[in-house]
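Visitor: Pasting a structure below so you can have a look.
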Amino acid sequence: MKKVIFVFSALAFSVAAFAQSDTVVNKTQPIMIDSAQQDMSKVDGCMMMDGKMIMIKDSVSSPMKKQMIMGNGTKVMMDGMCMKMNGEKMKMKEGDHMDMHGMMQHKEPKVKSGS
């Protein structure tokens, strides 16, 4: 009987030891950003790109999975809708970037040279 208890306790400790392994698989793929958006993509925050919201942290872009609340209290939803603390709502457009302080930067439209 003592051997059975010893075997079960040894088995329990070995299972617990394997459960503590730190092998985490990162399932989010980095998103490629073109050079026109690269300057804004180095600042932590969120950005509308290809009609989808992108979260930027430590210069790494990943799809936005949940709403974000910025430093000034602005809520940014996954569809690009932003609600400021005063209740004002706005929708982010393609290339718009909001940093973690809640400051919006709009992408400058490209001007074609007339030749």
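Visitor: Evaluate E = 1/(1 + (r/R0)^6) for Met81 and Lys57, where r is the Cβ-Cβ distance and R0 equals 22 Å; express this FRET efficiency to the nearest 0.05.
Guide: 0.60
Visitor: Filter Lys66/Lys91; Lys65/Lys107; Lys66/Lys93 down to the pairs with a C-alpha to C-alpha distance above 20 Å, please.
Guide: Lys65/Lys107
Visitor: On to the next question. Provide the gained length on full extension for the span Ala10 to Met90, in nm with one decimal, where the gain is 0.36 nm per separating residue minus the Cα-Cα distance.
Guide: Extra length from Ala10 to Met90 when fully extended: 22.8 nm.
Visitor: Can you list the HN-Hα couplings for segment 94-106, worked out from phi with the Karplus curve (6.51, -1.76, 1.60; θ = phi - 60°), rounded to whole Hz and with x for Gly and Pro?
Guide: 3, x, 5, 10, 10, 7, 5, 8, x, 8, 8, 10, 8
None of the figures in this text is laboratory data; all of them are computed from the coordinates on show. For clarity, every value in this text was computed on a predicted model and none was experimentally measured. Ideal geometry is used to build each Cβ from the backbone, glycine not excepted, and the neighbour counts take in all protein chains shown.
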